[in-house]
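A.B. asks: Encoded as structure tokens, here's the structure I'll be asking about.
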Amino acid sequence: MGFTVQQIREGIWTEEILRLAREADLGITGVSARDVSVPDVLANGFSMACRDRCSSLGNVHSWERVSRKLKIRHRRFDSAGESVGETEFDIQDESEGTQQLIALAGPLLDVLKGAKAMFFDELDARLHPRLTRRGA
């Protein structure tokens, strides 16, 4: 997933990844990668005393690291079934199959565009069923 997130963050293959998601009929309308600092992610889970203790032990850098979060956009519909905009989810809120598709999209595009080879073991494991059927 890290490679794909980095590619999206840099604007590489974002449109191709969206096209792949549309082909798989996942309902995804957009993807983006955002930088989130570790203190923001962990703020609710650690007390200030705990953070101060970690800092005093020389682990200041661990609190300054940045994590990249992948966001996925879907259309939002009203009760009449009319599209009323978009809503955004963390990649972790998606199914395992969708997560696997997005994670493989970056390396797969890298292989296809760079005339490289890629080997898969149990490709259909946790891959979105629509993709598995489409490849058959």
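The values are calculated or read from the model by the stated rules, or taken from the named source; none is laboratory data. Not measured: the values here are computed from a predicted model. Positions of Cβ are generated from backbone atoms using ideal geometry, with glycine treated the same way; all protein chains shown enter the neighbour counts. Protein only, heavy atoms only, side chains kept; ligands, DNA and RNA dropped before computing areas. Shrake-Rupley method; radii C 1.70, N 1.55, O 1.52, S 1.80 Å.
A.B. asks: Consider Ala80 carefully, then state whether it is surrounded by fewer than 14 Cβ atoms within 10 Å (Cβ to Cβ) and at pLDDT 90 or above.
C.D. replies: Judged against the criteria, Ala80 is a match.
A.B. asks: May I pose another question? Looking at (1) outside any strand (DSSP E or B); (2) open to solvent by 90 Å² or more (accessible area, probe 1.4 Å); (3) at pLDDT 55 or above, which one does Ala49 not meet, given that it meets all the others?
C.D. replies: Ala49 satisfies every listed condition except (2).
A.B. asks: Evaluate the following for Thr98: is it touching a His at 6+ places or on another chain (Cβ under 8 Å), closer than 18 Å to Val5 by Cα, at pLDDT 90 or above and open to solvent by less than 80 Å² (accessible area, probe 1.4 Å)?
C.D. replies: no
A.B. asks: In the set Arg34, Arg73, which member is part of a strand (DSSP E or B), at pLDDT 90 or above and open to solvent by 40 Å² or more (accessible area, probe 1.4 Å)?
C.D. replies: Answer to the check: Arg73.
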